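> Following this message is one structure expressed as structure tokens.
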Amino acid sequence: MNKKIAVCPGSFDPITYGHLDIVRRGLCVFDKVIIAVGHNPLKKDLFSTEEKLEMITESVEANPRIEVDSFEGLLVDYLQTVGACAILRGLRVISDFEMELQLALMNRRLCDKIETFFLMTDYNHLFVSSTIVKATAAAGGSVEGLVPEPALKKLLEKFPVMKKK
Ligand code: ADP
């Protein structure tokens with residue numbers, strides 16, 4: 001039987017427990033989830049792709065059902081290259097919906113064979129975004145419990161003022 005592979009794309013600048021929650025839930029449905037770091041031209045990144053890949057790889061440890069990769073160009077082309085059939089995205093609040101609907105419909109227009117799956121995040125992660133994590137850390141606040149340990153370490157390198165707890 002063909003393995004069902006989903007790609008969870010994003011900026012992951014940095015990865016948060018919200019992202020990991022979506023990947024974990026995705027694994028209940030798909031045989032494998034590839035966390036794929038892409039570049040969103042609308043966002044100014046704090047971390048390089050190499051740093052992001054390092055943080056994510058360390059955060060998921062050796063789970064044989066999770067792969068970590070990066071891609072350039074069209075997401076649907078990347079999915080076809082790796083043999084994936086689905087895009088996995090997380091939804092937090094209503095304001096996520098508008099952009100996600102646009103993205104999903106554009107991806108469908110580009111490739112009708114690929115479906116986008118939306119998963120609701122755990123309520124504990126409803127308010128968590130990479131943006132709020134960076135803003136809090138930059139101002140010296142603690143983001144412990146919101147991002148995995150490897151991301152916490154890298155944030156501390158960028159923002160030495162950040163409180164650890
Ligand atoms: P992008 O720049 O593509 O939006 P992000 O890294 O910000 O990349 O997000 C990737 C995906 O993870 C998106 O579907 C986003 O909605 C989802 N996501 C981000 N934070 C959370 C969270 N706290 N809970 C659930 N999903 C989340």
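Readers should treat all values here as calculations from the given coordinates under stated rules, not as data from a laboratory. Computed from a prediction, not measured in an experiment: that's the story for all the values here. Using ideal geometry, Cβ is built from the backbone for each residue, glycine included, and neighbour counts are taken over all protein chains shown.
> Cut-off 15 Å, label point 7 angstrom out along Cα-to-Cβ of ASP112: give me the residues of region 40-84 whose amide nitrogen falls inside.
In region 40-84, the label zone of ASP112 (backbone N under 15 Å from the point 7 Å along Cα→Cβ) covers no residue.
> Mind listing the long-range amide H neighbours of PHE117? Cut-off is under 5 Å, sequence gap 5 or more, other chains count too, H placed in the peptide plane at 1.01 Å from N.
Close amide H contacts, sequence-distant or interchain: ILE87, LEU88, ARG89.
> Taking a ≥ b ≥ c as the square roots of the eigenvalues of the Cα gyration tensor of region 1-160, is the shape rounded (a/c under 1.5), prolate (a/b larger than b/c) or oblate?
Prolate, because a/c is 1.5 or more and a/b exceeds b/c.
> Now for a different question. Of all the stretches in the chain, which is the longest one without any exposed loop site, taking GluC sites (Glu not before Pro) in a DSSP loop (any state but H, G, I, E, B) with at most 11 other Cβ atoms within 10 Å? Intermediate results must be reported in sequence, preceding the final value.
Values: sites that count: GLU61, GLU72.
The segment 73-165 is the longest one with no such site.
> Another question, if that's okay. Please give me, ordered by residue number, the trypsin sites (Lys or Arg not before Pro) of region 1-90 that lie in loop per DSSP and have at most 11 other Cβ atoms within 10 Å. Walk me through the intermediate numbers first.
Numbers: sites: LYS3, LYS4, ARG24, ARG25, LYS32, LYS43, LYS44, LYS52, ARG65, ARG89; in loops: LYS3, LYS4, LYS43, LYS44, ARG65.
For trypsin sites (Lys or Arg not before Pro) across region 1-90 that sit outside H, G, I, E and B with at most 11 neighbouring Cβ atoms in 10 Å, the list reads LYS3, LYS43, LYS44.
> Still on this structure, please answer the following. Could you give the distance between the Cα centres of region 133-165 and region 75-89, to the whole Å?
32
> Using each residue's phi in region 87-104, evaluate 6.51 cos²θ - 1.76 cosθ + 1.60 at θ = phi - 60° and report the 3J(HN,Hα) Karplus result to the nearest Hz, with x for Gly and Pro.
Listing the rounded values in order: 9, 10, 10, x, 10, 10, 10, 4, 5, 5, 4, 4, 5, 5, 5, 4, 4, 5 Hz.
> Chymotrypsin sites (Phe, Trp or Tyr not before Pro) within region 109-160: which are DSSP loop residues with at most 15 other Cβ atoms inside 10 Å?
Sparse-neighbourhood loop chymotrypsin sites (Phe, Trp or Tyr not before Pro): PHE127.
> Which far-off residues, 5 or more places away or on another chain, put their amide H under 5 Å from the one on SER70, with H placed in the peptide plane?
Amide H neighbours of SER70, under 5 Å, 5+ apart: VAL37.
> List the pairs from LYS52/LYS165; LYS4/LYS52; LYS134/LYS158 whose alpha-carbon separation is above 18 Å, in the order I gave them.
Details: LYS52/LYS165 22 Å; LYS4/LYS52 25 Å; LYS134/LYS158 10 Å.
In this structure, LYS52/LYS165; LYS4/LYS52 lie more than 18 Å apart at Cα.
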